[in-house]
Amino acid sequence: MIVEQIWTGNNWRNFNYLIACPQSGEAMAIDPLDYEKCLGLAKDRGWNITQVLNTHEHGDHTGGNSEVIAATGARLLAHAHAQDKIEGMDVGLSAGDIIKVGSSVELEALDTPGHTMSHVCLLSRTDMPALFCGDTLFNAGAGNCHNGGHPNELYMTFASQLAKLPAATQIYPGHDYIVNNLQFTLDREPCNKRAKTLLDEIAEQDPDQARVTTVGLEKEINTFFRLANPEVIEKLRDVNPDLPANPDEKTVFKALRELRNSW
Ligand SMILES: [Zn+2]
Ligand SMILES: [Zn+2]
């Protein structure tokens, strides 16, 4: 499996992706908003884009569909419940569905509600697993729930699916928000040395060569995976005096998600 992370350089800081089968040269475009960059890169590599996948229905993920499909004839895949929200869908995905790209790449669809209620992540079935996570999980952060999502479901997605992935799983999110997110982590947990060193390491990074994190690293630096951390809980108490003595992880997650909305 070859993965190309495409930095759009737009105001929303979107990442688009091409996933290619090295044997057949077939490729899948994920959320190809910057269709010119996606089509251009595929052409440079000699790849045929045969599938477009939208992680969810928001316009900054679907906005390049029609141009890519017009140029390639690719079929369009998204969450089964996005059928009435995404124009021209060919395939509706459910949890556990396997998507093949060419002869060598297999990706499993995960049903990951929270940012919206029709959001899929793709997990590669490769020696080095990779997760294409749209706006559900960001480097050092979590998606918001403002436009069709719910924090209860986002918490369940984190706790019951993402936290259980192998530590080596590589993270390919839909946006480059790592600097702001690490600053939020440090606001909530000032003693987090790993977040501080990572922020120093990536502060000046070129998003064209962005650091790829893993689930293992995220558990060290992403507040939304650090729900039992005593410092996180104590600092939350400053702004939420009613927080119970030993708050459950869902309560902590929702309080953090709420704080991040206005941070
Ligand atoms: Zn979104
Ligand atoms: Zn987005």
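The values are calculated or read from the model by the stated rules, or taken from the named source; none is laboratory data. All of these numbers come straight from a predicted model, not from anything done at the bench. FYI the Cβ positions are ideal-geometry reconstructions off the backbone, even for glycines, and counts take in every protein chain you see. We work out accessible area using only protein heavy atoms, side chains counted, and drop any ligands, DNA or RNA first. Shrake-Rupley method; radii C 1.70, N 1.55, O 1.52, S 1.80 Å.
Residues that are in contact with a strand residue (DSSP E or B) (Cβ under 7 Å, 6 or more places away or on another chain) and of a type in the set (Val, Ile, Thr), at least 3 per element: which strands (runs of 3 or more DSSP E) completely within the stretch 96-184 meet that?
The strands (runs of 3 or more DSSP E) meeting that bar are 98-101.
Among the numbered conditions (1) within 16 Å of ligand 2 (Cβ to nearest atom); (2) touching a helix residue (DSSP H, G or I) at 6+ places or on another chain (Cβ under 8 Å); (3) open to solvent by 40 Å² or more (accessible area, probe 1.4 Å), tell me where GLY148 comes up short.
Unmet condition: (2).
Which pairs do you get when a residue that is touching a residue at least 60 places away in the same chain (Cβ under 8 Å), found in the stretch 156-179, comes within reach of a residue that is charged (D, E, K, R) and more than 16 Å from ligand 2 (Cβ to nearest atom), reach meaning Cβ atoms under 7 angstrom, with the pair 6+ apart or on two chains?
ALA159/GLU249
How many of the residues in the stretch 183-235 are more than 25 Å from SER262 (Cα to Cα), buried (at least 21 other Cβ atoms within 10 Å of the Cβ) and not hydrophobic (A, V, I, L, M, F, W, C)?
1
How many residues are in a helix (DSSP H, G or I) and within 16 Å of ligand 1 (Cβ to nearest atom) if we restrict to the stretch 50-80?
5
Scan the stretch 18-49 for residues that are open to solvent by 10 Å² or more (accessible area, probe 1.4 Å), part of a loop (DSSP other than H, G, I, E, B) and within 30 Å of HIS115 (Cα to Cα) and jot them down.
LEU33, ASP34
Taking the stretch 29-40 as the search range and keeping residues that are over 16 Å from the mean Cα position of the chain (by Cα) and closer than 21 Å to LEU131 by Cα, which one is farthest from ligand 1 (Cβ to nearest atom)?
CYS38
So, in the stretch 81-95, exactly how many residues are open to solvent by 20 Å² or more (accessible area, probe 1.4 Å) and part of a strand (DSSP E or B)?
The number of residues fulfilling the criteria is 2.
What pairs can you find where one residue is in the stretch 230-255 and among the β-branched types (Val, Ile, Thr), the other is not in a helix (DSSP H, G or I), and their Cβ atoms are less than 8 Å apart, with a gap of 6+ or different chains?
Qualifying pairs under 8 Å: VAL232/GLU189; VAL232/ARG226; ILE233/LEU243; ILE233/PRO247; THR251/LEU243; THR251/PRO244; VAL252/LEU227; VAL252/ALA228.
So, of the residues in the stretch 153-174 that are within 16 Å of ligand 2 (Cβ to nearest atom) and within 23 Å of VAL3 (Cα to Cα), which turns out to be most open to solvent (accessible area, probe 1.4 Å)?
The extreme case among them is TYR172.
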